[in-house]
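Structure first, commentary second.
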Amino acid sequence: RVPEPEKKLFRVADLMNRVQILYNSLEKNDKIELSISLKDHDLELYADQNLISQVLINLLKNALEANENNPRGKIMIIAVADNSQHPEICVTDNGPGIAEENLDKIFIPFFTTRQKGSGIGLSISRQIMRVHGGNLKVRSVPGKETVFCMNF
């Protein structure tokens, strides 16, 4: 169960700094390049910063695992305001991608394609986004990239 969010207004730039520090503490982070792009340094979110950080770290861990055998692995976080001025944070990686037949299944609790995976991270991440009135979407081009977008 996802706890009720304790929403506060905060700058996305502060969230990105926090996520960068957490990313630096993860295993395998030294092999994969992380870049963060924030188009508007004044962009703000009204959300529970701890829960949103949890979603981002989960997406980063998944991207790291997907790229563990990629000698040119890259992960990019892009935060922007969409056309309706709603914040959007996307995590993109250049790993092997997600097979089309699995795209509908990855948010189902306990579904996993990894030997050591629990299959719970993406399900919880989507629930966290929903309790914030947002959504978590994915698109993937196998062999090229996978993009998870948090829409608020």
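Laid out as a table, the results:
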item: Candidates per trypsin sites (Lys or Arg not before Pro) in region 61-152, loop by DSSP, up to 11 other Cβ within 10 Å; result: Arg72, Arg114, Lys116, Lys144
item: Of the DSSP H helices in the chain, those whose Cα atoms cover at least 30 Å axially and whose Kyte score averages -0.5 or more; result: none
item: When each of Lys39/Lys105; Lys31/Lys105; Lys28/Lys144; Lys8/Lys61 is checked by Cα-Cα distance, pairs over 23 Å; result: Lys39/Lys105; Lys31/Lys105; Lys8/Lys61
item: His86-Asp40 pseudo-label distance in nm [points 7 Å out on the Cα-to-Cβ vector]; result: 1.4
item: For the chain, accessible area per residue (1.4 Å probe, heavy atoms of protein chains only), Å²; result: 59
item: Surface share of carbon and sulfur [accessible, 1.4 angstrom probe, percent] for the chain; result: 47
item: Helical mean residue ellipticity (222 nm; -39500 (n - 2.57) per DSSP H run of 4+; nearest 500) of the chain; result: -9500 deg cm²/dmol
item: Candidates per GluC sites (Glu not before Pro) in region 1-65, loop by DSSP, up to 12 other Cβ within 10 Å; result: Glu6, Glu27
item: Relative intensity, log₁₀ I(q)/I(0), of region 1-55 from a Debye sum that treats every alpha carbon as a point, q = 0.15, 0.17, 0.30 Å⁻¹; result: -0.51, -0.63, -1.20
item: Approximate spin-label separation Glu145-Ile108, in nm, with each point projected 7 Å along Cα-to-Cβ; result: 2.9
item: ³J(HN,Hα), Karplus 6.51/-1.76/1.60, whole Hz, each residue of region 77-85, x for Gly, Pro; result: 10, 10, 10, 9, 9, 6, 4, 8, 6
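The values are calculated or read from the model by the stated rules, or taken from the named source; none is laboratory data. Predicted model, so just to flag it, every value in this text is computed and none were measured. FYI the Cβ positions are ideal-geometry reconstructions off the backbone, even for glycines, and counts take in every protein chain you see. SASA here: full protein model, heavy atoms, side chains in, ligands and nucleic acids out. Shrake-Rupley method; radii C 1.70, N 1.55, O 1.52, S 1.80 Å.
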